[in-house]
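The values are calculated or read from the model by the stated rules, or taken from the named source; none is laboratory data. Bear in mind that the values here come from a model prediction, so they are computed numbers and not experimental data. All Cβ positions, glycine included, derive from the backbone under ideal geometry; neighbour counts span all protein chains shown.
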Amino acid sequence: MKKISKAVVISTLLASFASLSTEITLTSQDNFNLKADYFKGQEKGTRAVLMLHQCNFNRSMYDNMGEQLAKKGIHALSLDFRGYGESINEEYNDKEIQALPQQERREKWRAMAVHWPSDVKIAYDYLKGKLSKGGTIGVIGASCGGHQAITLAENEAVTAIGFFSSAQWDENIARYKTSLATKPTLIIAAEEDDKTFTSAQALFVAAQHPQSKMISFKGKDHGYPLFELDKNLNETMVDWFANQLAK
């Protein structure tokens, strides 16, 4: 009986966990299928977070964060960039591109990445459609995802921004200073993560909102491994977004 009861409990917990997320397919204007996980928040809710992965991982890095956001009633969506995870086809596949000679690899990667801003916009629009009138949306980008977060926030109504181990070129830092520094910003980086940490410091210095926050770690872990280093990091990120998106 104990074994049966335990199995029932585990099954119930798994069902509850799975019910918070749904795998969806978003179709671009050029008929490319983008895979994403949608974490359903409160019906007619007013808050949502778009989660953009780093370029050596995929959307699954945000499974825990998405679940926690949904439990707080906040809609969330994690997108596989074109060419990553399950958003692949014969033309766009990062693993195959990485096996090419250097020059060809660069050309193929640039041809793939040029689609990301419009692909991210599709994900943003999907989330926006889940909100009631006047809802607020935040975006977090890990590593290369941070570049897309800046572009999205410059062009759409984004209330709060997160940079997760996301090194930024000087041009991007200048763009942030010009049009985004007044928005609450969460910046996370490890101290020995080279350009990532120095650009994180530059972003934080430029940040003007009183609720902007920088979290630094010892070592050189980049992005996803920081979740293992700090078991409370997901919760910290979720709580910050929940507070910044609250009306």
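What about residue 213, is it touching a His at 6+ places or on another chain (Cβ under 7 Å), farther than 23 Å from residue 59 by Cα and of a type outside the set (Ser, Thr, Tyr)?
Spelling it out, it is not the case that residue 213 is touching a His at 6+ places or on another chain (Cβ under 7 Å), farther than 23 Å from residue 59 by Cα and of a type outside the set (Ser, Thr, Tyr).
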Determine which member of the set 206, 174, 200 is modelled with pLDDT of 95 or more, under 25 Å from residue 69 (Cα atoms) and not aromatic (Phe, Trp, Tyr). 200
Can you report the number of residues in region 91-106 which are in a loop (DSSP other than H, G, I, E, B) and under 25 Å from the mean Cα position of the chain (by Cα)? 3
Residue tally, condition assigned to a loop (DSSP other than H, G, I, E, B) and either among the β-branched types (Val, Ile, Thr) or touching an Asp or Glu at 6+ places or on another chain (Cβ under 6 Å) (or both), over region 166-186: 1
Tell me which of these residue 25 doesn't satisfy, since it passes every other one: (1) out of contact with any Asp or Glu (no Cβ under 8 Å at 6 or more places or on another chain); (2) among the hydroxyl-bearing types (Ser, Thr, Tyr); (3) in contact (Cβ under 8 Å) with a residue 40 or more places away in the chain. (3)
Inside region 53-93, the number of residues satisfying the requirement of being closer than 18 Å to residue 166 by Cβ and acidic (Asp, Glu) is 1
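Keeping to region 18-53, report how many residues are of a type in the set (Asp, Glu) and out of contact with any strand residue (DSSP E or B) (no Cβ under 9 Å at 6 or more places or on another chain).
Residues flagged as of a type in the set (Asp, Glu) and out of contact with any strand residue (DSSP E or B) (no Cβ under 9 Å at 6 or more places or on another chain) within region 18-53 amount to 2.
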Candidate set: region 132-148, residues that are surrounded by fewer than 19 Cβ atoms within 10 Å (Cβ to Cβ) and touching a residue at least 12 places away in the same chain (Cβ under 8 Å); chosen: the one farthest from residue 163 (Cα to Cα): 132
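Per-residue answers, yes or no, for (1) within 18 Å of residue 140 (Cβ to Cβ); (2) of a type outside the set (S, T, N, Q); (3) touching a residue at least 40 places away in the same chain (Cβ under 8 Å):
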residue: 185; (1), (2), (3): yes, no, no
residue: 188; (1), (2), (3): yes, yes, yes
residue: 192; (1), (2), (3): no, yes, no
residue: 197; (1), (2), (3): yes, yes, no
residue: 201; (1), (2), (3): no, no, no
residue: 210; (1), (2), (3): no, yes, no
residue: 213; (1), (2), (3): yes, yes, no
residue: 217; (1), (2), (3): yes, yes, no
Residue that is farthest from residue 218 (Cα to Cα) [pool: residues in region 126-165 that are part of a loop (DSSP other than H, G, I, E, B) and charged (D, E, K, R)]: 133
Search result, residues across region 209-243 that are in contact with a Lys or Arg (Cβ under 7 Å, 6 or more places away or on another chain) and either among the β-branched types (Val, Ile, Thr) or at pLDDT below 95 (or both): 238
Any residue in region 30-55 that's more than 10 Å from residue 77 (Cα to Cα): show its pairings with residues that are among the polar types (S, T, N, Q) and at pLDDT below 95 at Cβ separation under 8 Å, as long as the two are six or more apart or on different chains. 44/132; 45/132; 46/132
Where the second residue is of a type in the set (Lys, Arg) and the first is closer than 23 Å to residue 237 by Cα and lies in region 161-183, which pairs have Cβ atoms under 7 Å and are six or more apart or on separate chains? 161/183; 167/195
Please list, ordered by first then second residue, the pairs with beta carbon atoms under 8 Å, 6 or more apart or interchain, first in region 99-127 and free of Cβ contacts under 8 Å to residues at least 24 places away in the same chain and surrounded by 12 or more Cβ atoms within 10 Å (Cβ to Cβ), second of a type in the set (Ser, Thr, Tyr) and in a helix (DSSP H, G or I). none
